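The values are calculated or read from the model by the stated rules, or taken from the named source; none is laboratory data. As the structure is a computational prediction, the values presented were derived from the model and not from experiment. Here the Cβ positions follow ideal geometry from the backbone for every residue, glycine too, while neighbour counts run over all protein chains shown.
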Amino acid sequence: MRATAVLGAFREATDLAEETLTKVRDAWARLVDAVRELTRRAQRLLAGGDRWPMMVVPSFPEEVRAAIDALELLLARIRPQVDVVIEALTGAAGRAVPVLTLFDTAITYGQDIVHQVAGVAADLVAGGDPDGWHGPARRAYETRVREQIDAAETVAAEVEATARWLGGIGASNTAYLTNLGHLGAELVARFVTAAVEAGETTAADVPRFALTVARLADAIDAAVGRIAGWAQDLHNQFVARAAERDDGIPRWPAAATVA
């Protein structure tokens, strides 16, 4: 994948996370307001504003009261889970700058440094004219040149591998951001749908709506579990990739060192 495409994919993932973060907050606030308004309507009904449901169904008041209590408990259960989602989106979007720096470094390694280092070997091959040399002096010269060429080729390969390594870490971050953004968008759709349903629900139907919110709570619990899994995968990939680079870059032969 070209460098511009890699950077473009990461920036799109970052924009998605930032946009979704705002929408999650707004949609959650809208849902809470809609539920509060519904429970207020139900409480007015219980207070005697409309007595016909109680005449038709004797158990109606108890069912509505239980549903109102259930909604309060469900909101209390959902709220910290929504905070987890918001914190994950905030943290991921906030790390965009250092990850972009990582991408820039990888691209610099891959496009600039590797070409410069690779050219060293060619220069060494072209340098020197040992045709007039004989014996130990020529053999020592050829040995040293071979060492320098091998070192140049080794370092070029290592720089290229480092670029791929950095790019791999960046790609993992891009995937994590993208997953978070899509998950947040799913939650926004659920929150908005539930808020609309709350607005259309009659006070008498609060028990039915409480079941809807219960299913929503289960979905958010599952979403938080997915986020935890993605975060652990990202951590594991970083640890694994960090272990790959423990050997470091090979040292250049001493004779190539500039005094």
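Checked against the criterion of being assigned to a helix (DSSP H, G or I), at pLDDT 95 or above and buried (at least 17 other Cβ atoms within 10 Å of the Cβ), the candidates Ala93, Ala70 yield just one match: Ala70.
Looking at this structure, is Arg30 at pLDDT 90 or above and surrounded by 16 or more Cβ atoms within 10 Å (Cβ to Cβ)? Criteria met by Arg30.
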